[in-house]
Amino acid sequence: RECLSVHIGQAGVQIGDACWELYCLEHGIQPDGFILDSQHDHLENARTEHRSASLDTFFDETRAGKHVPRALFMDLEPTVI
């Protein structure tokens, strides 16, 4: 299953930013989208048995191994985003 988070308005964007920061910390994903080495070894071992369902639910993995959040941030004021 896959989830898409939609964050609208200033409050939505601010809450979404905090949530995605937490998701990245929980899964060991760096700001550039790549998994930390210690987390990467752990995930590679887990993927040989089965894919990490929670990671795949919230992030899409590119061919280069970068994890991209499944999220949409919208606000009419460009300085908020």
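Where a number appears in this text, it was derived from the coordinates with a stated rule and is not lab data. Predicted model only: the values in this text are computed from it and were never measured. Neighbour counts are summed over all protein chains in view; Cβ atoms, including those assigned to glycine, are modelled from backbone coordinates with ideal geometry.
Observations on the structure shown:
- Residues ASP17, ASP60 arranged by fewest to most Cβ contacts within 10 Å: ASP60, ASP17
- Amide H contacts under 5 Å for ALA71, placed H, 5+ residues apart: SER5
- Counting every other Cβ atom within 10 Å of each residue's Cβ, CYS19, CYS3 order from fewest to most as CYS3, CYS19.
- Phi to ³J(HN,Hα) by Karplus 6.51 cos²θ - 1.76 cosθ + 1.60 over the range 64-81, Hz, x for Gly, Pro: 7, x, 7, 9, 10, x, 8, 8, 9, 10, 10, 7, 6, 9, x, 6, 6, 7
- The phi-based Karplus calculation (6.51 cos²θ - 1.76 cosθ + 1.60; θ = phi - 60°) puts the 3J(HN,Hα) values of the range 13-22 at 5, 5, 5, x, 4, 5, 5, 5, 4, 5 Hz, whole numbers, x for Gly and Pro.
- Exposure proxy shown here: for LEU4, LEU55, the number of other Cβ atoms within 10 Å sets the order, fewest to most, as LEU4, LEU55.
- Distances between placed amide hydrogens fall under 5 Å for PHE34 paired with HIS67, all partners being 5 or more residues away or on another chain.
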